[in-house]
Structure formats: C-alpha cells, structure tokens
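First up is the structure itself, then whatever we jot down about it.
The values are calculated or read from the model by the stated rules, or taken from the named source; none is laboratory data. What you are looking at is a predicted structure, and each value in this text was computed from that prediction instead of being measured. Counting neighbours? That spans all protein chains shown, and the Cβs are built from the backbone with ideal geometry, glycine included.
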Amino acid sequence: MSEFNDKASLNQENEVDFFEIFQIFLDNKKKLFVVTLLISFITAGYTLTISNSYTSSALLQTSEDSKSALSKLNQFSGLASMAGVSLPGSDDVNSTDYVIALVSSKNFFKDILIKHEDLLPAIMASDGYNKKNKKIIYNKKIYLDEKWIESDGYLGFFSKEKPTYLQAYRVFKKDILSLSKDKETGFINISITHHSPVFAKQLLDLIINYVNELEKDKDLKKANRSLKFLNIEANKSNILATQDAITDLISENLNIKMLANTSDSYLIEIIDSAFYPDLKTGPKRGLIVIASGLIAFIFYYFYLILRHFKFKNIK
C-alpha cells in the first residue's frame, strides 16, 4: 500500500500542471509583451530595408493554326521518314508542355542573354527601383557605371568577374520566372518578378516574342530543307502514288511557311497580355512582422516555462 502511494505521489509530481503554466504567463506577461514588441519592431525595421518586388503575368495558349497545320503534316511522317525528310514540328510532344520546357531551359535563357546583354545586370545586380526615373537601382558593390566591380564574391554567385550565364540562370529560375499549366484548360500561366515593374513586363514580352521567333525560324529552316528535297524527288519518281504523296507533303510544307511568315503568334497566342504592375507582390511586411512576433512570443514563453520547472526541480 505504501509503495502504491509512493508511485501515485511520483506520478502527480511528473504531471504537467497547466494551471501552473498559465500562472507563468500571468507572472511574466509584461516581459512577454516587451520581448514580442521589441522583436516585431526590429523585424519591421529590417523589412523596410528590403526592396519591393513586382510581378507581371500573362496567360497563354498554343496556337490553334500551327497545331492544325502540324497535325496535318504529321499524317505524312511515315513517308517522310522513309524518304529521309525531317518535317517541321513532327515530334509527338504536347505543345503546351514543350513551351514550358523550352522557356525553362538553359539554352533558351542563354540565347536571350546573348541577344540582350543588358539583361545580365538587371538579373544579377538589381537592388531596387527608382519610381521617379523608372530605372533599376544597381548594387554599387557589384555593378557601377555599366561595369562589373571586382569583388571577393557576392552570395557565392561570382568572384572577380562578371557572372556566367549559368549563375544568372539559377537566379532567373529561382527568383524571377514562374511557369505553370492549368490542368483543365491547358493554358500556360507565366510571370516575371523583379524590383522593376518596367523590367518585369519587358522581359515577359521578350520571352513570349522570342518563343514565337525561335519556333518560326526552326520550322522555316526545316520546311525549306524538306521542300528542296521533295522537289528533287518529285522529278525522279515516276510512280503516281509517290508523286501524289510528295505533292501533299509539298503543299503542307508550303502551308507551314505561309503560317510562319504571316503569323506573329506562331507557337503561342496571348489570352491575357503582360502588364506593368502597379502593386507590389513582396515583401509581405505585415505577415513577416506578425510571424516574427509570434515566434518570439512562443520561444520566450517556452524558455520561461523551462526555467521555472528547472528551478522547481532543483528546490
């Protein structure tokens, strides 16, 4: 019986007294309030040093005209492959998935960077945005007077030289570009986030236009090579069925050339155009301050509880 009472007494001592925990809060509520408020003010001050970011978005779909023309051309892919002809767009790949993969690729980014060298400083050295003159504010420790500054490194991106396209690509993919596909409609949502709302919109327009330009050029080259070969084969063959098939192939390749030369939206069409964003998308200062205050409160309260029971056990 005595042993049972000892165990019961021990269990009571080990049980958490929630009233006692609440009493700790009541006894230290002023300290908790001061610590929470102090951390919140410090965090608020820090968030003011973070430059605003803006997001420009567009809604896209793959061009119905080009899909229709290419699907017709695919009917002859068997004959074309036997003849050694590469047809434009004859690969069996979903066009929406292809666009997303293309825009996300390193090669695509590298091509744009080569054609537009001014993009590199905006991606790697942007530190803010001047609303008065609508220009990007560059980090002077990195980029000054249109020259890269030699340094011992900037967040691991580069050292004593301008950043490479791979380093810029990682920043572009992580912080700037956002791509998604609507599973129900197949539409593509694309957005660019940057300190400068002007740059965000311009870069988004540039990407959309370059996708169409790149695919136009690729399919035109394929169509021209195919037409050259088909015209030679048409003069060689005396078989009527083969001549008819070649004539159909020539007709469809000419249709591809016509679309490429007359359509601005060759591969992708714009449903909702890119815009100059007037409202910032980040940082969410209010949310950051509230979260930091809540975390400070929880950690300090937990510290007070541990300290209380530690001293209690010592006694």
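List of remarks:
- Verdict on Leu254 being of a type in the set (A, V, I, L, M), at pLDDT 85 or above and under 28 Å from Gln61 (Cα atoms): yes
- Residue match in the stretch 185-194 (condition: at pLDDT 95 or above, in a strand (DSSP E or B), of a type outside the set (S, T, N, Q) and farther than 30 Å from Ile50 by Cα): yes
- Residue match in the stretch 292-314 (condition: under 30 Å from Ile188 (Cβ atoms) and of a type in the set (Gly, Ala, Ser)): no
- Residue pairs whose Cβ atoms lie under 9 Å apart, separated by 6 or more positions or on different chains, with the first residue in the stretch 196-212 and over 21 Å from Asn107 (Cβ atoms) and the second assigned to a helix (DSSP H, G or I), are Ser196/Ala122; Ser196/Gln202; Phe199/Leu119; Phe199/Ala122; Ala200/Ile176.
- Of everything in the stretch 163-190 that is crowded, with 19+ Cβ neighbours inside 10 Å and not aromatic (Phe, Trp, Tyr), the residue that is nearest to Tyr98 (Cα to Cα) is Ile188.
- Cβ-Cβ contacts under 6 Å between residues 6 or more apart (or on different chains), taken from a first residue in the stretch 48-69 that is at pLDDT 90 or above and buried (at least 21 other Cβ atoms within 10 Å of the Cβ) to a second residue that is assigned to a strand (DSSP E or B) and of a type in the set (S, T, N, Q), are listed as Ser53/Thr193.
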